[in-house]
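Participant: Submitted below is the structure of interest, expressed as structure tokens.
Nothing in this text is a laboratory measurement; each read-out follows from the coordinates by a stated rule. Because the structure is a prediction, the values reported are computed rather than measured. Here the Cβ is made from the backbone with ideal geometry for all residues, glycine too, and neighbour counts use every protein chain on show.
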Amino acid sequence: MKKKLMLICLFASVSICAGNQNNKSNQYWPSWRGPLNTGEAVNANPPVQWSETENIKWKIDIPGKGLSSPIVWEDQIIITTALALDEVADKDRINDQSSGPFWMKLMRWSKTTKNVLQYTVYSISRDDGHIIWRTPVREDLPHEGIHKDASWASNSCVTDGEHIIASFGSAGIYCLNMSGEVLWEKDFGDMHIKNTFGEGISPVLHNGKVVIAWDHEGVSFITVLNKNTGHTIWKHQRDEHTNWSTPIVVEVSGRPQIIRSGAKRCISYDLETGKEIWSTFGVSKSACPTPVYGNGIVYLTGSYRGGSLQAIKLDGATGRLDSTDQILWTHYKEIPYIPSPLLYEDKIYFFKDYTPKLSCLDAVTGEVFYTRQKLDEMKNIYASPIAAGGRVYAAGRNGVVYVMAPGEKYELIAINRLDDIFDASPVAVENDLILRGVDSLYLISSE
């Protein structure tokens, strides 16, 4: 089953971190892990209960398929999708799952397409669900397959309220204005993903700089671009294979640094120069969850074929941190493979692998408050949990969303069910909860 996950991190993890400095960013959801890059919606208070007939303000279908988590700025919900331009259906590469050599069995988790895809960015009104604009950015035949649960539009966008950065990976990086006009684009060539499980690293936007991470089975690199022009500021090769974790940017003593999880090493780069600031051991064989940061501590995690959760004090962190006091604590059990952790009220919440078994630890000391708490009504979970209105929300692949109280003891508030599959992570803005399903986009509100 673990092989199945490596792709899905793209959707869930696949996701995007941004260090937006605009003072309005806390009001909205500018990146896939929210305004703080922790999963917390700072000023939101969405509903606790809903169903297909209760508290649904609107529900719409989006053509094509995309599993990127929504971002929100003012009235605009921004998502991406990949729309087939002909009638040829997607085909599984291999139907026989019980025989053949290992590589053939592995490929049963992948699919290819004979369709030319239209890669498209959508802006949808938060008020009533109408499409404000849609911008097709490329039409192309994908060069390789994806995981059977994935999409060719799994990378989330990021915005600072002036520009939107949308990544389709091998199909290009695009900068749009808030009216949907493409200002520039970059093509870094084709990514070659482990087991052809698909792409999903999201772009990062911080102080006018765009961070693009490109870990794959070819020449891996990390690069920083000028937001206004797309011109390269710096680019460094990385000794890494496929990872799906989106980096984050944090400021330490006024110095912004990019923190990038990896399989071989987790590395911090100076945002301005690309110089390596510190590194520590890799989190797992393939890194999927996005790091989270708070109170001077960054948390790095991943669980594929082993794994760990590292809590690293950033003040004074330089050079190789292995076996130093900068690593405040390390946890090795029930680590997430697909969903990113949630950091909220000095506690860190995470799911085991991609199963609905929840753990809660003290974020400062690593003390375990509870672990392997089973969310019985939920099946597998690819989406990352969020916090809003003093509650924790977690969405599962069977349409079930749990609402829980934060704290040292597990406390269930409500269980909600919708007729969809949720792989994209929930988003909360003001009194709204936005859920992107495989079939529909929901806005849930009590207003």
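Participant: How far, in nm, would the chain grow between F369 and D127 when pulled straight, counting 0.36 nm per residue and subtracting the alpha carbon separation? Intermediate results must be reported in sequence, preceding the final value.
Facilitator: Numbers: separation 242, 0.36 × 242 = 87.12 nm, distance 3.97 nm.
This chain segment gains 83.1 nm when fully extended.
Participant: Okay, next question. Beyond a 26 Å Cα-Cα separation, which of these cross-linked pairs lie in this structure: K59/K227; K227/K352; K111/K379; K264/K409; K285/K313?
Facilitator: K59/K227; K227/K352; K264/K409
Participant: Another question, if that's okay. Pairs of alpha-carbon atoms within less than 8 angstrom and 6+ residues apart define the contacts here; what relative contact order does the chain have, in percent?
Facilitator: Relative contact order comes out at 18 percent.
Participant: Put +1 on the Cβ of each Lys and Arg and -1 on the Cβ of each Asp and Glu in the chain; which of T120, S68, V137 then has its Cα farthest toward the positive end of the dipole?
Facilitator: It is S68, whose Cα lies furthest towards the positive end.
Participant: Please order R238, R436 by the number of other Cβ within 10 Å, starting at the fewest.
Facilitator: So the residues, fewest neighbours to most, are R238, R436.
Participant: To continue, here is another question. Would you mind calculating the gained length between E251 and Q237 on full extension (0.36 nm times residue separation, minus the Cα-Cα distance), in nm to one decimal? Working shown, then result.
Facilitator: On the way: separation 14, 0.36 × 14 = 5.04 nm, distance 2.31 nm.
Result for the pair: 2.7 nm of gain on full extension.
Participant: Also, I was wondering about something else. Sorting D322, D61, D423 on the 10 Å Cβ count, fewest up front, what's the list?
Facilitator: Arranged by neighbour count, lowest to highest, D322, D61, D423 become D61, D322, D423.
Participant: Could you list the square roots of 5 times each eigenvalue of the Cα gyration tensor of region 2-445, that is, the equivalent ellipsoid semi-axes, sorted largest first and rounded to whole Å?
Facilitator: So the three semi-axes of region 2-445 are 27, 26, 24 Å.
Participant: For C157, C266, what ranking results if the residue with the fewest other Cβ atoms within 10 Å of its Cβ goes first? Mind dumping the intermediate values first?
Facilitator: Values: C157 28, C266 25.
By the 10 Å Cβ count, ascending: C266, C157.
Participant: Still on this structure, I have one more. Just to confirm a number: summing +1 for Lys and Arg and -1 for Asp and Glu over residues other than N26 whose beta-carbon lies under 15 angstrom from that of N26, what do you get?
Facilitator: Here the count lands on -2.
Participant: Given points 7 Å out from each Cα along the Cα-Cβ axis, report the T318 to E144 separation in nanometres with one decimal.
Facilitator: In this crude spin-label approximation the distance works out to 3.9 nm.
Participant: I'd like the distance separating the alpha-carbon centroids of region 322-346 and region 157-228, in whole Å.
Facilitator: 27 Å
Participant: Right, here's the next one. Excluding V116 itself, calculate the net charge of residues whose Cβ lies under 11 Å from the Cβ of V116, where each Lys or Arg counts +1 and each Asp or Glu counts -1.
Facilitator: Value of the local net charge: -1.
Participant: For the chain, with only Lys/Arg (+1) and Asp/Glu (-1) charged at the beta-carbon, what is the dipole magnitude about the Cα centre, in debye rounded to 20?
Facilitator: 1380 debye
Participant: For every other residue with a beta carbon closer than 13 angstrom to the beta carbon of E74, add +1 if it is Lys or Arg and -1 if Asp or Glu, then tell me the sum. Before the final figure, lay out each step's value.
Facilitator: Details: positive: K24, R126; negative: D75, D127, D160, E162, E430, D432.
It works out to a net charge of -4.
Participant: Is the C-alpha gyration tensor of region 336-443 telling us rounded, prolate or oblate? Criteria: a/c under 1.5 is rounded; beyond that, a/b larger than b/c is prolate, otherwise oblate.
Facilitator: Prolate is the answer for region 336-443, as a/c is 1.5 or above and a/b outweighs b/c.
Participant: Taking the Cα centre as origin and putting +1 on Lys and Arg beta-carbons and -1 on Asp and Glu beta-carbons, what dipole magnitude results for region 256-410, to the nearest 20 debye?
Facilitator: That gives region 256-410 a dipole magnitude of about 640 debye.
Participant: How much of the calculated P(r) for region 249-356 lies past 16 Å, in percent of all Cα pairs?
Facilitator: Result for the distance tail: 54 percent.
Participant: Here's something else I'd like to know. Taking the dipole about the Cα centre of the chain, with the C-beta of Lys and Arg at +1 and of Asp and Glu at -1, give me whichever of P256, P339, A171 is farthest to the positive side.
Facilitator: Toward the positive end, the furthest listed residue is P339.
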